[in-house]
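Asker: Encoded as structure tokens, here's the structure I'll be asking about.
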Amino acid sequence: MNLTFSRRLRLLAGAALSAALAFAPAMGTYATAGPARTVPAPQAGPQRAKDANPVFSAPVSTSECRKRIGRGCYSPLQYRAAYDLAPLFAKGITGKGRTIVIVDSFGSPTIQHDLDVFDRQWGLPNTAVDVVKWGKVPPFNPKDPDQNGWADETTLDVEAAHAMAPGAHIVLVETAVAETEGPVGVPEMMSAINHLVNEGKGDVVSMSWATSEAEFPGFAQGDYTSLTTLRYAFANAARHGVTLTASSGDGGGHANRLDSAWPAGDPLVTAVGGTELHLDDAGKRIAPDSAWSGSGGDHSKVFARPTYQYPVRNVVGAHRGTPDISMAASTNGALWLYSSYDPTRVGWTAGGNGTSEASPLFAGIVALADQAAGHRLGVIDRLLYRLYGHSRTGLVDVTTGRTGPGGFSAGPGYDQATGLGTVDANLLVHALARRSAS
């Protein structure tokens, strides 16, 4: 995360540590590294909380992680078990032939190397990251907290998406202007997405950044054109059958306010909220998933309730409600990531990933479903809400936890803590593939 961003979107951080630690698991010893970056409670940008996040020389088990830093750390192999991915992979459904587009400001200069290390550690197939520089992207400076934070975000987005869909191709779009608050940096991202859609270079686009609707000029006066004129890329994506996912935000939501995170609150985008996984070292659940306390859920003032949310009209009312679905996001149980873009912090981390992790995870699930269906699924919310209320669809209800004091409680059925719930990927991928053909 970056100190220079203007109030990042309602982030909640995990428990802060006083220093970053570099662990040597084989010896069971550690040494102090440099002080960890700490960020304010911001309002926009990548949905990632990155407090004092220790750097490990190699990943350790979940139980060992809890012992050493007081929170869980999970591997892609544990995610494979938790989300029931193994049956899909055994059938060759890995996202092969599909492309996930990831959009971040600045990117990371070491992303290919870091993904290669990530793959070797977990026995995942290598994939080449196709980097598209959109605009005059400045040379990377690891001492620039803005670029450093976006490199951190890029690492998370790429490695999380690849963990879910290891056979999918990844296109990383690096824009030259940092997305901060309101429309700043967004036009560049929209033009990049629109270009790739026109070029046919993406099946699903993941956006792990967000800004408040209220930060767009004219919002207070009821004039939303500064936001809605930026939707052309989303409309174009929908016409081409491209699925869009976005982080729902990391501030717990606002149950009594009309102001959604955008782009998650856009009806053409699947808003992905956050859960907390409770896993043992093998990836087996020791308790059901719960709503992550920091996950964003909101009512949009800009967008009315879309037709696909009619089945949950008693919950969302007349406005577009978020999230639609939820995946792992909690600081307690984050995905192991490897990065080397910052020479002072080379190694493995498993810190506060937030809903920045949830969006690329679900984008990976969509890539699997695209492969299984044999075509793009497009605006996937239309399919997800058609599955709502039916058995063995892969939608797993989350009924415990709440998203902060001003947010929402999870309960039976759809709620704005976790949306339709989380997923059993094996069931959901096949259900989506069948639905899309009907």
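The values are calculated or read from the model by the stated rules, or taken from the named source; none is laboratory data. It should be emphasised that the depicted structure is a prediction, and the values quoted were computed from it without experimental measurement. Virtual Cβ from ideal backbone geometry, glycine too; neighbours counted across all protein chains shown. Just so you know, the surface numbers come from the protein's heavy atoms only, side chains and all, with ligands and any DNA or RNA stripped out. Shrake-Rupley method; radii C 1.70, N 1.55, O 1.52, S 1.80 Å.
Asker: Can you list the helices (runs of 4 or more DSSP H) lying wholly within the stretch 133-233 that have 3 or more residues being out of contact with any Asp or Glu (no Cβ under 9 Å at 6 or more places or on another chain) and surrounded by fewer than 24 Cβ atoms within 10 Å (Cβ to Cβ)?
Answerer: Here the list reads 186-199, 225-228.
Asker: I need the full set of residues from the stretch 374-402 which are of a type in the set (S, T, Y), over 23 Å from Q78 (Cβ atoms) and modelled with pLDDT of 95 or more, in order please.
Answerer: If the condition is that a residue be of a type in the set (S, T, Y), over 23 Å from Q78 (Cβ atoms) and modelled with pLDDT of 95 or more, then Y385, Y388, T393 are the ones that fit.
Asker: Same structure, new question: What tally of residues in the stretch 384-412 results from selecting those that are part of a loop (DSSP other than H, G, I, E, B) and open to solvent by less than 20 Å² (accessible area, probe 1.4 Å)?
Answerer: Number of matching residues: 8.
Asker: Sticking with this one: Residue check: is A291 over 27 Å from V171 (Cα atoms), surrounded by fewer than 18 Cβ atoms within 10 Å (Cβ to Cβ) and aliphatic (A, V, I, L, M)?
Answerer: It is false that A291 is over 27 Å from V171 (Cα atoms), surrounded by fewer than 18 Cβ atoms within 10 Å (Cβ to Cβ) and aliphatic (A, V, I, L, M).
Asker: For A16, are the conditions met, namely being part of a loop (DSSP other than H, G, I, E, B), surrounded by fewer than 22 Cβ atoms within 10 Å (Cβ to Cβ) and modelled with pLDDT under 55?
Answerer: Criteria met by A16.
Asker: Could you name every one of the helices (runs of 4 or more DSSP H) located completely within the stretch 52-97 that has at least 2 residues being in contact (Cβ under 8 Å) with a residue 24 or more places away in the chain and touching an Asp or Glu at 6+ places or on another chain (Cβ under 7 Å)?
Answerer: Where helices (runs of 4 or more DSSP H) fall fully within the stretch 52-97 and carry at least 2 residues being in contact (Cβ under 8 Å) with a residue 24 or more places away in the chain and touching an Asp or Glu at 6+ places or on another chain (Cβ under 7 Å), they are 62-69.
Asker: Out of the stretch 416-438, which residues are open to solvent by 10 Å² or more (accessible area, probe 1.4 Å) and either farther than 29 Å from P87 by Cα or without any contact (Cβ under 8 Å) to a residue 40 or more places away in the chain (or both)?
Answerer: Once the filter is applied, which keeps residues that are open to solvent by 10 Å² or more (accessible area, probe 1.4 Å) and either farther than 29 Å from P87 by Cα or without any contact (Cβ under 8 Å) to a residue 40 or more places away in the chain (or both), the stretch 416-438 yields R434, S438.
Asker: Within the stretch 104-119, does at least one residue satisfy the condition of being of a type in the set (G, A, S), open to solvent by 30 Å² or more (accessible area, probe 1.4 Å) and either part of a loop (DSSP other than H, G, I, E, B) or at pLDDT 95 or above (or both)?
Answerer: No - not one qualifying residue is present in the stretch 104-119.
Asker: Can you find a residue in the stretch 247-254 that is acidic (D, E), out of contact with any strand residue (DSSP E or B) (no Cβ under 7 Å at 6 or more places or on another chain) and buried (at least 20 other Cβ atoms within 10 Å of the Cβ)?
Answerer: Yes, the stretch 247-254 has at least one match.
Asker: Still on this structure, please answer the following. Say whether the condition of being part of a helix (DSSP H, G or I) and open to solvent by 10 Å² or more (accessible area, probe 1.4 Å) is met by at least one residue in the stretch 295-309.
Answerer: Yes, the stretch 295-309 contains a residue that is part of a helix (DSSP H, G or I) and open to solvent by 10 Å² or more (accessible area, probe 1.4 Å).
Asker: Out of all the residues in the stretch 210-242, which are at pLDDT 95 or above and of a type in the set (S, T, Y)?
Answerer: Y224, T225, S226, T228, T229, Y232 - these are the residues of the stretch 210-242 that are at pLDDT 95 or above and of a type in the set (S, T, Y).
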